[in-house]
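Values quoted throughout were computed directly from the atomic coordinates according to the rules given, and no laboratory measurement underlies them. Keep in mind that what you see is a predicted model, and the values were worked out from it rather than measured. Glycine also receives a Cβ, built like all others from the backbone with ideal geometry; neighbour counts cover every protein chain displayed.
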Amino acid sequence: MAKPYHQGFEKTIELVFAVSAGVSIISVVLITVYIFAAGLPPIMKTGVFRFILGTRWKPVGENPQFGIFPMILASLFGTAGAMFTGVPIGLFTAILLSELAPKRIACLLRGCMELLAGIPSVVYGFFGLTVIVPFIRTRLGSPTGNSLLAMIVILSAMVLPTIVNISETSLRAVPMEYREGALALGASRMETIFKVVVPAAKPGIAASVVLGTGRAVGETMAVIMVCGNIPRIPRSLLDAVSPMTAAIAKDISYAGPQHRSALFGIGAVLFIFIVVLNLVLNAVVKRSAGGRA
């Protein structure tokens with residue numbers, strides 16, 4: 001019989017775990033409090049509706065205006081476009097890796113996904129600036145090439161590793177008995193994958209979508225290099241835009257006190273935006289899972 005751990009040692013390990021969890025919680029609370037303490041005053045001074053729904057961003061001058069609605073739309077459209085493109089590609093890639101590809105090919109593709117995950121954001125941005133932006137300018141007729149479309153393309157590539165890795169892990173975690181049972185009942189291989197395996201792995205796939213969405217919303221460096229950084233409401237995919245993260249990063253180095261406070265206000269709105277988005281996605285997933293049950 002194995003010798004049991006000493007009770008004092010177990011208590012110490014439990015205390016270490018508890019302290020680690022407490023540090024994580026305290027860090028989140030402190031960051032949240034600081035963001036809202038610095039960001040709410042300019043929002044309240046400008047007016048919540050004028051700040052969020054205003055369409056003019058003029059942070060300097062005699063009569064500064066702080067309207068971030070174009071930035072909110074840019075972040076929303078960019079994230080939606082990236083997920084619309086990235087989720088199907090990522091899910092199909094995960095299915096290929098876990099269910100269909102030979103072992104050698106799967107190892108090669110998995111290594112490519114790990115390489116994509118390790119590429120710095122600035123390298124994605126540089127690639128977009130030197131390849132995607134000129135392509136959009138010369139082939140699609142955009143004046144500069146810096147556009148919402150370039151932002152969507154870059155973000156689609158950046159969310160792929162998150163979606164593929166987590167989705168593949170979830171698909172592999174589905175018990176083999178599910179597959180064998182479906183095949184024994186006469187289902188084809190594709191029917192087994194899409195009607196049995198994928199629905200069983202839905203919580204993990206949904207988690208990958210949520211994390212990928214958070215990556216897309218919060219990305220800064222790559223986006224700021226390709227989006228054009230013009231805070232206006234986009235009328236087409238070829239228009240230059242300025243999402244919330246890009247506006248903060250672009251202006252923070254030279255912002256005065258009032259301007260800096262407004263940027264913290266953008267950060268507070270972005271924080272709320274991400275929280276609400278995650279809550280909505282989780283609610284949709286739970287509702288669909290409950291309906292299927």
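Quick one: how many lysine pairs in the chain have C-alpha atoms under 26 angstrom apart, if they're 8 or more apart or on different chains?
Lysine pairs meeting both conditions in the chain amount to 8.
Quick one: which residues, 5+ away or cross-chain, put their amide H under 5 Å from the amide H of residue 57? H built at 1.01 Å from N.
When sequence neighbours closer than 5 places are left aside, the close amide H contacts are 67.
Over the chain, calculate the relative contact order: mean separation of alpha carbon pairs under 8 Å at least 6 apart, over the residue count, as a percent. The partial results should precede the final answer.
Values: 362 pairs, mean separation 76.7, N = 293.
Taking the mean separation of contacting Cα pairs over the length of the chain, I get 26 percent.
Provide, in order from the shortest bin, the percent of all Cα-Cα pairs of segment 76-242 in each 5 Å bin, continuing until the bin that contains the maximum pair distance.
Histogramming segment 76-242 at 5 Å steps yields 1, 9, 16, 18, 16, 12, 10, 8, 5, 3, 2, 0 percent.
Distances longer than 16 Å among the Cα atoms of segment 247-286: what percent of all pairs is that? The partial results should precede the final answer.
Values: 364 of 780 pairs.
I get 47 percent for the Cα pairs in segment 247-286 exceeding 16 Å.
Restricting to Cα pairs below 8 Å that are 6+ residues apart, what does the relative contact order work out to for segment 76-242? Please round to a whole percent. Display every interim value, and only then the final one.
Working: 221 pairs, mean separation 57.1, N = 167.
Computed value for segment 76-242: 34 percent relative contact order.
Which order results if 227, 112 are arranged by neighbouring Cβ count within 10 Å, fewest first?
On the way: 227 31, 112 14.
Listed from fewest to most nearby Cβ atoms, that is 112, 227.
Pop the C-beta distance of residue 274 and residue 114 into the FRET formula with R0 = 45 Å and round what comes out to the nearest 0.05. Can you show the working numbers first?
Values: r = 26 Å, r/R0 = 0.57.
About 0.95, to the nearest 0.05.
What FRET efficiency do you get for residue 18 and residue 55 if R0 is 41 Å and r is their Cβ-Cβ distance, rounded to the nearest 0.05?
On the way: r = 49 Å, r/R0 = 1.19.
The formula returns an efficiency of 0.25 here.
Rounded to the nearest 20 debye, what is the charge dipole size of the chain about its Cα centre when +1 sits on each Lys and Arg Cβ and -1 on each Asp and Glu Cβ? Display every interim value, and only then the final one.
Working: 24 positive and 12 negative charges, 78 e Å.
Here the chain has a charge dipole of around 380 debye.
Per residue, how big is the convex hull around the C-alpha atoms of the chain? Give it to me in cubic angstrom, could you? Mind showing how you got there, number by number?
Numbers: hull volume 62.8 nm³, N = 293.
Hull volume normalised by residue count: 214 Å³.
Using the alpha-carbon atoms, what tilt in degrees (0 to 90, nearest 10) does helix 202-218 show relative to the longest principal axis of the chain?
Between the helix axis and the principal axis of the chain, the angle is about 20 degrees.
Using the Cα centre as the reference, give the magnitude of the dipole from point charges on the C-beta atoms of segment 4-141 (Lys, Arg: +1; Asp, Glu: -1; all else neutral), rounded to the nearest 20 debye. List each step's numbers first, then the result.
Numbers: 10 positive and 5 negative charges, 112 e Å.
Taking the Cα centre of segment 4-141 as origin, the dipole is about 540 debye.
Can you list residues from other chains, or at least 5 along the same chain, whose modelled amide H is less than 5 Å from the amide H of residue 232?
242
Round to the nearest 0.05 the FRET efficiency obtained for residue 11 and residue 84 when R0 = 35 Å and r is the Cβ-Cβ distance. Let's see the in-between values first.
Values: r = 51 Å, r/R0 = 1.44.
According to the calculation, E is roughly 0.10.
Would you order 55, 46 from fewest to most other beta-carbon atoms within 10 Å of each residue's own beta-carbon?
Working: 55 13, 46 20.
With the sparsest Cβ surroundings first, the list reads 55, 46.
For segment 76-242, with the dipole built from +1 on Lys and Arg beta-carbon atoms and -1 on Asp and Glu ones, taken about the Cα centre, which of 187, 80, 127 lies farthest toward the positive end?
Working it through, the farthest residue towards the positive pole turns out to be 127.
Using +1 at the Cβ of each Lys and Arg and -1 at the Cβ of each Asp and Glu in the chain, identify which of 199, 69, 173 lies farthest towards the dipole's positive end.
69
For a footprinting-style exposure proxy, rank 254, 34, 124, 178 by other Cβ within 10 Å, fewest first.
On the way: 254 9, 34 12, 124 22, 178 15.
Placing the least packed residue first, the sequence is 254, 34, 178, 124.
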